[in-house]
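Report on the following structure.
FYI, it's all coordinate maths here, none of it is from the lab. Just so it is clear, the model here is predicted, and its values are computed rather than measured. Note: ideal-geometry Cβ built from the backbone for every residue, glycine included; neighbour counts use all protein chains shown.
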2 protein chains.
Amino acid sequence: MTARADLDAVLNRIDQDLPDALARLMELLRIPSISTDPAYKAECAKAADWLVEDLRTLGFEAASRPTPGHPMVVAHGGTGGKHVLFYGHYDVQPVDPLSLWDRDPFDPEVQDTPKGKVIRARGASDDKGQLMTFIEACRAWKAVHGSLPAKLTIFLEGEEESGSPSLIPFMQENADELRAELALICDTGLFEDAVPAITTMLRGLAKSEFTLRAADRDLHSGMYGGLARNPLHVLTRILAGLHDDSGRVQVPGFYDDVAELPDSLRQQWQALAFDHRKFLGDVGLSVPAGEADRTPLEMIWSRPTAEVNGLWGGYNGAGFKTVLPSEAHAKVSFRLVSAQDPAKVLTAFRTWAEAQLPPDCEIIWHDAVEGSPASVMSIEDPAFEAARAALTEEWGRSAAFVGAGGSIPIAGYFKTYLGMDAMLIGFGRDDDQIHSPNEKYDLDCFHKGIRSWARVLARLA
Amino acid sequence: MTARADLDAVLNRIDQDLPDALARLMELLRIPSISTDPAYKAECAKAADWLVEDLRTLGFEAASRPTPGHPMVVAHGGTGGKHVLFYGHYDVQPVDPLSLWDRDPFDPEVQDTPKGKVIRARGASDDKGQLMTFIEACRAWKAVHGSLPAKLTIFLEGEEESGSPSLIPFMQENADELRAELALICDTGLFEDAVPAITTMLRGLAKSEFTLRAADRDLHSGMYGGLARNPLHVLTRILAGLHDDSGRVQVPGFYDDVAELPDSLRQQWQALAFDHRKFLGDVGLSVPAGEADRTPLEMIWSRPTAEVNGLWGGYNGAGFKTVLPSEAHAKVSFRLVSAQDPAKVLTAFRTWAEAQLPPDCEIIWHDAVEGSPASVMSIEDPAFEAARAALTEEWGRSAAFVGAGGSIPIAGYFKTYLGMDAMLIGFGRDDDQIHSPNEKYDLDCFHKGIRSWARVLARLA
């Protein structure tokens with residue numbers, strides 16, 4: 001067969017096998033693998049075992065690997081092509097409040113809705129449905145060709161919804177075994193529910209918390225007001241100066257390591273025609289509030305931020321207390337991009353804030369100078385363009401390399417502990433209600449998701 | 001007798017009678033008239049009755065007048081001279097924590113201390129000792145001259161330490177009976193523990209509380225940070241602009257009704273040689289933080305302020321939450337002077353703040369547009385200079401008209417409900433520990449306080 005015919009055969013197989021693929025997903029969804037609740041420990045192990053058994057039928061050498069928490073599923077199989085590691089998680093969120101569910105969250109059902117057929121169950125989208133898209137693609141490949149399409153490692157976590165306490169130690173202890181050329185992660189969604197997307201930039205984060213002190217006790221504003229330093233005033237003046245009128249962060253050196261968006265990405269992002277009015281309108285806003293000379297997508301994907309996340313001081317109870325407090329407090333965080341170094345940013349922030357302190361004031365810093373840098377994938381790796389072409393073919397819309405405003409820890413861990421970049425490809429939609437009652441996964445997303453992976457694997461193989 | 005000889009005879013009498021005056025004060029101090037605790041209701045009535053009996057022995061027509069709370073003592077006596085009303089309060093603060101007292105708070109004792117003899121008991125300074133200085137002055141006058149020195153009304157409250165719930169209704173119902181030409185209030189102290197002082201200016205107060213809203217829900221800074229409006233930033237920018245770099249309030253029109261200090265007062269205040277380094281040093285500060293071109297005493301007595309008393313928004317718990325909150329909150333108050341109108345100031349503040357709101361933001365105001373104006377006594381009334389001369393004679397130091405940074409509600413009530421100015425003259429010291437364990441009143445203050453009133457009354461008569 002030609003490569004084209006090879007793939008077509010696999011895609012046909014996927015279409016024919018969809019009812020069985022769905023039945024298998026239903027089986028997995030019936031296992032209430034709620035990782036955060038110790039009462040479901042055995043169910044988590046059961047889900048891991050189910051996956052191990054299923055992967056073995058595809059020729060994987062698979063095992064449920066114990067951890068201090070829930071087991072990891074690790075499977076190896078195939079030869080040739082690019083060695084990729086696929087990551088997903090088999091654990092799910094709790095279901096409370098149960099009364100808001102239309103049916104038993106662990107009794108999955110395909111339902112007709114005005115927007116099409118959906119698979120309704122806890123974990124349907126996050127992440128059992130998504131991880132099964134990859135496994136089903138492997139199954140179809142194996143059925144058609146008798147072997148897996150490439151050298152594959154499958155790595156499925158059972159603690160993603162409960163803080164991943166075992167993840168880093170497990171990766172450290174098994175680094176040689178887990179290391180591949182590239183990671184594939186299926187835990188994200190389509191851009192604006194329609195455009196296939198590969199997340200290649202994730203912002204980092206640096207956090208700072210401090211107390212600003214003036215007098216050694218709270219003062220009465222009748223006795224001292226007008227004469228004594230009010231730390232609330234000092235704090236507002238410092239924080240008000242975090243940005244200039246154009247929204248640019250004023251901490252010296254803040255933008256030193258920030259790269260401009262490459263033209264290729266800029267064009268892709270423009271083509272996305274992001275509807276920022278709807279994005280903001282959904283939360284009661286209308287006007288972009290960031291850097292004046294940046295597009296909305298740049299603001300959330302490729303530009304760093306300085307944000308006050310918490311601020312308090314003085315009296316905040318009912319009624320009034322004319323107090324001049326001795327202290328004022330703030331929590332400030334920075335979203336980082338490109339090569340920005342969290343420690344360097346935090347140190348610059350501290351220096352900048354302290355330089356503005358008037359007499360009699362001091363700042364006590366409560367945080368360590370640390371954080372996580374941005375994850376920026378090396379899209380020069382031909383695998384990225386290959387995957388983009390594959391997704392474009394499947395969805396009939398030009399796929400894009402997109403950013404993510406927040407971090408996705410696993411992507412950073414793969415880089416830090418295994419030295420791999422990751423391609424984040426997922427098929428969720430914004431209305432999947434992950435973490436909420438009545439979670440669903442569109443049957444269409446499940447089906448096209450399987451086909452997408454077949455196309456991606458064909459190109460990587 | 002000449003007027004001088006008249007007075008000298010009274011002063012001699014006061015000196016000779018001091019042990020008995022002290023014994024009478026001790027009797028009053030033994031009554032635990034804690035107004036805020038219902039368990040002491042009968043004791044409050046007993047203190048009122050004790051005062052009524054004592055005033056009757058001086059020729060006053062006195063009565064304990066019922067209220068929904070504790071009784072008022074009202075007494076009338078004397079003829080001629082200026083008709084003055086004397087105000088004090090017979091109730092006292094609770095004594096908790098009792099374990100910190102060196103002795104029973106209601107078993108008064110004269111103790112020797114390195115700084116001289118003190119009367120140790122709850123209420124010794126606040127306000128039984130102080131109110132008895134006036135009554136003892138009347139007693140001595142009566143003993144020497146057979147009559148009271150002028151037409152006097154005595155008005156003693158029993159709820160001053162518990163919010164004065166009955167005071168305004170009682171004053172309204174008995175306004176004709178209580179109205180005099182001038183009120184005397186003995187519930188304040190010496191300036192810096194040494195200089196006799198008459199408080200003639202009390203700052204007013206206007207209070208504002210508001211919520212600043214942006215998005216209609218809390219947002220995640222990973223998803224929205226850099227694009228969505230953060231109300232904490234908006235709030236800090238508005239409040240940071242309350243003052244310019246010289247400490248001047250920036251609300252338009254704020255200073256319109258602020259009078260400059262008259263030269264006569266400016267000279268008196270300069271003569272006080274206020275030790276602002278000690279005043280600030282006592283609370284851990286060193287540098288005046290108010291208007292750059294004003295003296296420290298002006299800052300706290302005769303200049304208006306704008307102060308943030310409370311500020312909060314976002315996450316303030318342990319750890320971190322990278323939230324962009326939907327709301328930010330502030331409590332802001334203004335100390336007012338001269339003819340500043342609270343409603344006008346608050347309206348100007350609202351207009352000024354709202355003018356700075358960026359798109360998508362709104363302010364919800366939680367306060368009514370109201371407050372209390374400053375109390376500024378008419379020191380052109382010759383009684384004020386007469387009292388100042390009397391105090392100067394007694395204490396051997398030039399007495400001064402001083403200000404008070406906070407309001408003393410009773411002074412405002414006399415102006416509002418009875419149309420009278422008040423002279424606030426008191427003999428407390430900063431270390432009297434009023435409201436705290438081991439309250440005391442210097443025996444010297446008690447003695448000279450009685451003599452001070454005799455001198456003041458002689459001049460008013």
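Table for the structure above
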read-out: Under the span-like rule (Cα at least 24 Å along the axis, Kyte-Doolittle mean at least 0.5), DSSP H helices of chain B; value: none
read-out: Residue mean of other protein chain beta carbons inside 10 Å, B:195-205; value: 1
read-out: Calculated FRET efficiency for the pair B:Asp37/B:Glu370, C-beta based, R₀ 25 Å, to 0.05; value: 0.20
read-out: Bridge type composition, the protein assembly as shown - antiparallel percent by DSSP, nearest 5; value: 70 percent
read-out: Unit charges on C-beta of K, R, D, E only; dipole of region B:298-405, Debye; value: 340 debye
read-out: Given A:Lys46/A:Lys142; B:Lys46/B:Lys117; B:Lys151/B:Lys448; A:Lys331/A:Lys440, the pairs whose alpha carbons are separated by over 31 Å; value: A:Lys331/A:Lys440
read-out: Per-copy distances of the B:Asp15 label point, shortest first, in nm (7 angstrom along Cα→Cβ); value: 12.1
read-out: Prolate/oblate/rounded call for region B:384-461, Cα gyration tensor, a/c under 1.5 rounded; value: oblate
read-out: Distant-in-sequence amide H partners of B:Ala183 (H built 1.01 Å from N, under 5 Å); value: B:Leu85, B:Asp421, B:Ala422, B:Met423
read-out: Qualifying GluC sites (Glu not before Pro) in region A:197-305, DSSP loop, other Cβ atoms within 10 Å at most 14; value: A:Glu260
read-out: A:Ala404 long-range amide H proximity, modeled H, under 5 Å; value: A:Met201, A:Leu202, A:Arg203
read-out: Residue-by-residue Karplus 3J(HN,Hα) for region B:206-218, coefficients 6.51, -1.76, 1.60, Hz, glycine and proline x; value: 10, 10, 9, 9, 8, 10, 9, 10, 10, 5, 8, 7, 5
read-out: Virtual spin-label span in nm between B:Gln250 and A:His220, 7 Å along Cα→Cβ; value: 3.2 nm
read-out: Calculated FRET value between A:Asp112 and A:Asp275, using beta carbons and R₀ = 25 Å, to 0.05; value: 0.35
read-out: Number of partner chain Cβ atoms within 10 Å, mean per residue of A:298-305; value: 4
read-out: Under 12 Å from the B:Glu362 label point (7 Å along Cα→beta-carbon), backbone N, region B:200-239; value: B:212-216
read-out: Residues in region A:63-79 that a label on A:Glu177 would reach, taking backbone N under 11 Å of a point 7 Å out along Cα→Cβ; value: A:63-67, A:72-76
read-out: Furthest towards positive pole of dipole, A:Pro38, A:Met72, A:Leu55, structure part region A:5-79, Cβ charges; value: A:Pro38
read-out: Hz values of 3J(HN,Hα) by residue in region A:251-256 - Karplus curve (6.51, -1.76, 1.60), Gly and Pro given as x; value: 5, x, x, 4, 9, 3
read-out: Region A:281-289 - phi-based ³J(HN,Hα) in whole Hz, Karplus 6.51/-1.76/1.60, Gly and Pro as x; value: x, 4, 10, x, 10, 9, 10, x, 10
read-out: Counting DSSP beta bridges with both ends in chain B, the antiparallel % (nearest 5); value: 70 percent
read-out: Relative contact order (%) - criterion: Cα under 8 Å, at least six apart; region: chain A; value: 26 percent
read-out: Estimated [θ] at 222 nm from DSSP helical runs (n ≥ 4, -39500 (n - 2.57)) normalised by residues in chain A, nearest 500; value: -11000 deg cm²/dmol
read-out: Förster radius 56 Å - calculated FRET efficiency between B:Val258 and A:Ser99 (Cβ-Cβ, nearest 0.05); value: 0.40
read-out: In nm, spacing of pseudo-spin labels at A:Asp49 and B:Arg56 (7 Å Cα→C-beta vector); value: 9.5 nm
read-out: Exercise: per-residue mean of other protein chain Cβ atoms within 10 Å, A:400-410; value: 2
read-out: For region A:348-461, with +1 on Lys and Arg beta carbons and -1 on Asp and Glu, the positive-most of A:Ala383, A:Ile364, A:Tyr417 along the dipole; value: A:Ala383
read-out: Fewest-first sequence of A:Ser99, A:Ser407, B:Ser264, B:Ser398 by Cβ atoms within 10 Å of each Cβ; value: A:Ser99, B:Ser264, B:Ser398, A:Ser407
read-out: Position B:Asp245, label points 7 Å along Cα→Cβ, spacing to each other copy in nm (shortest first, one decimal); value: 1.7
read-out: Other-copy label distances relative to B:Asp112, 7 angstrom Cα-Cβ extension, nm; value: 10.4
read-out: Residue order, fewest to most beta carbons within 10 Å, for A:His70, A:His145, A:His366, B:His76; value: A:His366, A:His145, B:His76, A:His70
read-out: Placed amide H near B:Asn438: partners under 5 Å, 5+ positions off or other chain; value: B:Asp102
read-out: Alpha-carbon centroid distance for the pair region B:247-282 / region B:92-115, whole angstrom; value: 37 Å
read-out: Centroid-to-centroid separation of region B:134-164 and region A:18-44 [C-alpha atoms, Å]; value: 86 Å
read-out: Separation of alpha-carbon centers, region A:369-414 and region B:360-397, rounded to whole Å; value: 68 Å
read-out: Neighbour-count order for B:Arg120, A:Arg30, fewest beta carbons within 10 angstrom listed first; value: A:Arg30, B:Arg120
